[in-house]
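The structure under discussion appears below in the form of structure tokens.
The values are calculated or read from the model by the stated rules, or taken from the named source; none is laboratory data. Values in this document were obtained by computation on a predicted structure and should not be read as measured data. Quick reminder, even Gly has a Cβ in these numbers, built from the backbone with ideal geometry, and neighbours come from all protein chains shown. SASA here: full protein model, heavy atoms, side chains in, ligands and nucleic acids out. Shrake-Rupley method; radii C 1.70, N 1.55, O 1.52, S 1.80 Å.
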Amino acid sequence: LRGLHAHDPYHRDVRGDVACLTETDRGERPEGGSLWSSRPVPALGGAARLVAGAGMICALKSSGAVACVAPRPGGGVAVFEVALADVQDLAARIAFCATRKDDTAVCWGVPAPAEDGSLPERIEPVEVAGSKGLTAISVDEIACASDDAGTLYCWGVSELAGGGRVASLGSLGVA
């Protein structure tokens with residue numbers, strides 16, 4: 001999948017599989033106009049929802065598992081399994097954050113390449129310290145989630161952008 005980007009259009013094809021359209025898939029029709037051919041993205045199969053951000057596309061699967069794809073440096077696509085099996089909501093912009101079925105939150109960014117240029121196959125999300133009872137989540141320059149009482153909790157995610165790693169993310173309650 002050369003040329004895969006988070007801004008490429010993703011869709012479900014006629015079989016219900018996730019596919020994408022990239023600039024490399026565009027051709028010209030003999031009678032004029034563009035002709036696009038879609039490419040299946042098997043790693044995103046079973047997606048209940050697709051979320052784009054932080055240079056990746058992640059699929060929240062109906063099982064609660066998450067898988068992500070991103071362009072591989074030098075071409076091709078990298079597939080990442082996210083070490084989660086219990087996600088209830090997923091959001092992204094400069095990083096990805098999820099609320100889990102136990103109502104806690106975790107976040108992650110695009111993994112940084114190792115010195116040899118290789119990428120990990122698995123993403124280990126970072127726990128949001130003190131997160132309890134969170135249901136809805138949103139991500140922009142910061143991440144915020146609310147609990148059932150309507151209290152909004154927010155935390156910074158910029159340290160996860162560009163492959164950064166932190167031990168935990170703290171949250172601040174905002175009434």
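Computed packing ranks the peptides 141-150, 61-70 as 61-70, 141-150, most packed first, by mean other Cβ atoms within 10 Å. Determine the sum of side-chain charges near R100: Lys and Arg each +1, Asp and Glu each -1, restricted to other residues whose C-beta is under 13 angstrom from that of R100. Net local charge, R100 excluded: -3.
Normalised by the number of residues in segment 45-87, the mean separation of alpha-carbon contacts (under 8 Å, six or more apart) gives a relative contact order of 30 percent.
If DNA, RNA and ligands are ignored and the probe is 1.4 Å, what is the ranking of T151, T99 by accessible area, most exposed first?
Values: T151 40, T99 0 Å².
Heavy-atom accessible area, descending, gives T151, T99.
In this structure the amide hydrogen of V110, modeled in the peptide plane, comes within under 5 Å of the amide hydrogens of G162, G163, none closer than 5 places in sequence on its chain.
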